[in-house]
Amino acid sequence: MTPQAAIHPGVRRLGLPTRFFYGFGSVAFGVKDNGFSYFLAFFYTQVVGLPAATVGLAIMFALVIDAFIDPVIGQLSDNTRSRWGRRHPFMYFSALPVAASYLLLWNPPKGWERGALIAYLVSTAVLIRSFISCYEIPSSALAAELTTDYDERTRLLSWRFLFGWVGGLAMYGLALAVFLRPDAAHPVGQLNPAGYAHYGLFAAGLMMVAILTTSIGTHREIPNLRAPPHARVTLGRLAGEMVATLANRPFLMILTSSFFYAMGIGLGFSINLYFSTYFWEFSSGQIAGFTFSSLAAAILAFSIAPRIAQRFDKKPAAMILIPAGLAISVAPIVLRLLGAFPANGAEVLYPAIFITNIFGVGLGITGSILFTSMIADVVEDSELKTGRRQEGLFFAAAAFINKAVSGMGIFTSGMIIAAIHFPHDIKPGDVAPEIVRNLGLTYVPVQMALYGIAVLLLVGYRISRKTHAETLRKLAAAADLVAEGEPAASTDRLS
């Protein structure tokens with residue numbers, strides 16, 4: 001490796017095996033996030049029996065703890081020196097703890113009082129979130145290390161999102177079709193408590209396999225990755241670098257925008273089962289069938305995201321795709337509230353929602369891919385300004401946002417369910433019509449507000465294809481000076 005390459009890896013086109021193995025590990029996060037988003041609030045409210053608002057607050061509390069844990073993991077990952085590089089030790093370590101903590105989450109003790117069950121939910125939620133961070137943050141940081149190319153990053157991250165959705169959806173479909181099946185005591189499969197324990201066991205094993213597969217599959221890339229500078233790591237130094245790095249303006253804009261966008265996505269995920277079960281009154285088999293529409297949406301996003309990013313700058317593309325995806329997704333709800341949509345049980349209802357889901361979710365996933373790729377582009381902008389390359393710290397924030405999808409979503413959905421006084425443990429069709437109507441009337445405006453704020457905040461993100469290329473040019477020039485041993489103020493900070 002040349003001195004320049006050692007300082008600043010060049011633009012690389014990655015092979016199919018690297019893209020595949022890098023992406024495959026997101027099956028673990030997809031399974032975890034799908035479970036949190038679709039099942040966790042429903043399970044702990046409708047099956048375990050905790051109040052919806054309390055469950056939302058419990059998950060929100062775990063998310064707040066994440067806000068402190070994730071940057072620490074990112075910083076440690078950035079500064080780790082080992083023969084396995086900066087990222088892989090964390091990835092290998094996380095496999096077993098992730099599986100064990102996820103299994104515990106779906107097996108709460110029987111006979112405990114409400115307060116103890118709430119404490120158990122918070123504790124296990126914090127555990128699984130912390131251990132998944134030990135994998136997700138170092139793994140996602142590899143996207144900015146494997147290539148600095150503006151378009152190649154979007155292609156690489158498309159694989160990550162594809163596998164995340166495929167893994168999560170496959171587990172979702174298995175849960176509804178295999179584990180959450182109706183029995184004599186539970187005619188509604190989603191209310192069968194035994195199914196959740198079996199689901200948790202299978203999902204935990206799948207997560208461990210995914211993490212180990214991507215860790216082993218990307219191990220050969222370690223020599224091509226960056227090594228941290230030879231410097232004494234102290235708590236004060238880490239804290240100072242963290243504050244300086246996270247103060248990057250483009251990063252702050254994309255982070256806050258991503259947060260509101262993630263809240264909207266998470267709200268849609270976590271309240272989806274309420275809409276499917278009570279608003280549209282679909283059966284568990286029909287709900288399981290939506291796995292295929294969402295899978296089609298993931299494939300659609302995988303196909304179009306790199307093409308869109310290659311033809312347009314990422315920011316304006318995201319600002320169009322985000323509201324478009326929301327408009328398609330909520331259109332059936334709005335039309336039903338206006339009395340202009342087929343009644344429940346009509347033959348055309350299920351196909352209409354199925355097709356709507358493909359395009360609404362597909363555009364949403366595409367927007368998420370562009371968001372993450374935009375975060376990767378901040379790495380070089382920060383390096384030029386600070387002399388430090390801290391992929392782990394930036395992607396710690398990205399991981400936090402990803403987890404906010406479920407945490408903030410569950411919190412917001414819990415508030416909505418509590419606000420409209422949705423009843424506990426009730427069969428579809430037995431809910432009062434005004435409550436079902438209030439579900440739609442509350443959900444749609446909240447989503448419009450969240451997505452609207454996300455789009456407005458994107459205006460402050462200033463990195464484009466042109467500015468990113470100029471940043472890479474300046475970094476390459478600084479690296480040349482360092483390699484030649486010439487003193488320069490702009491390169492003294494580069495390690």
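The values are calculated or read from the model by the stated rules, or taken from the named source; none is laboratory data. Since this is a predicted model, take the numbers as computed values, not measurements. Every residue, glycine as well, gets a Cβ built from its backbone with ideal geometry; the counts of neighbours run over all protein chains shown. The protein model used for the area step is the full one, side chains on, heavy atoms only, and it has no ligands, DNA or RNA in it. Shrake-Rupley method; radii C 1.70, N 1.55, O 1.52, S 1.80 Å.
Name every residue in the stretch 184-222 that is over 24 Å from LEU96 (Cβ atoms) and touching a Leu at 6+ places or on another chain (Cβ under 8 Å), in order of residue number.
Here is the first cut: in the stretch 184-222, the ones over 24 Å from LEU96 (Cβ atoms) are 184-195.
Within the stretch 184-222, GLY189, GLN190, ASN192, GLY195 qualify.
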Exercise. Which one is surrounded by the most Cβ atoms within 10 Å (Cβ to Cβ) among residues in the stretch 16-68 that are of a type in the set (S, T, N, Q) and farther than 18 Å from SER94 by Cα?
Worked result: SER37
Problem set entry | Candidate set from the stretch 333-346 (those that are part of a helix (DSSP H, G or I) and farther than 14 Å from GLY268 by Cα); member that is nearest to the chain's Cα centre (by Cα) | VAL334
Exercise. Just for the stretch 142-176: of the residues that are in contact with a helix residue (DSSP H, G or I) (Cβ under 8 Å, 6 or more places away or on another chain) and of a type in the set (D, E, K, R), which one is farthest from PRO193 (Cα to Cα)?
Worked result: ASP151
For this session: Give the number of residues within the stretch 411-441 that are of a type in the set (D, E, K, R), part of a helix (DSSP H, G or I) and free of Cβ contacts under 8 Å to residues at least 40 places away in the same chain.
Result: 1
Problem set entry | Answer from ASP151, ASP183 - the residue that is open to solvent by 30 Å² or more (accessible area, probe 1.4 Å) and not basic (Lys, Arg) | ASP183
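For every residue, the table says whether it meets (1) open to solvent by 20 Å² or more (accessible area, probe 1.4 Å); (2) within 30 Å of GLU380 (Cα to Cα); (3) under 19 Å from the mean Cα position of the chain (by Cα).
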| residue | (1), (2), (3) |
| --- | --- |
| SER77 | no, yes, no |
| TRP106 | no, no, no |
| GLY111 | yes, no, no |
| ILE118 | yes, no, no |
| ALA141 | no, yes, yes |
For this session: Looking only at the stretch 442-450, decide whether some residue is in a helix (DSSP H, G or I), modelled with pLDDT under 90 and surrounded by 13 or more Cβ atoms within 10 Å (Cβ to Cβ).
Result: no
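Could you list all residues from the stretch 347-388 that are open to solvent by 40 Å² or more (accessible area, probe 1.4 Å) and in a loop (DSSP other than H, G, I, E, B)?
Of everything in the stretch 347-388, those that are open to solvent by 40 Å² or more (accessible area, probe 1.4 Å) and in a loop (DSSP other than H, G, I, E, B) turn out to be GLU347, VAL348, ARG388.
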Exercise. Does SER94 satisfy the condition of being open to solvent by less than 40 Å² (accessible area, probe 1.4 Å), among the polar types (S, T, N, Q) and in contact with a helix residue (DSSP H, G or I) (Cβ under 7 Å, 6 or more places away or on another chain)?
Worked result: yes
Exercise. How do the pairs read when you match residues in the stretch 330-344 that are within 13 Å of LEU441 (Cβ to Cβ) with residues anywhere that are open to solvent by less than 50 Å² (accessible area, probe 1.4 Å) and hydrophobic (A, V, I, L, M, F, W, C), using Cβ under 7 Å and keeping only pairs 6 or more apart or on different chains?
Worked result: VAL330/VAL444; ILE333/VAL444; VAL334/VAL444
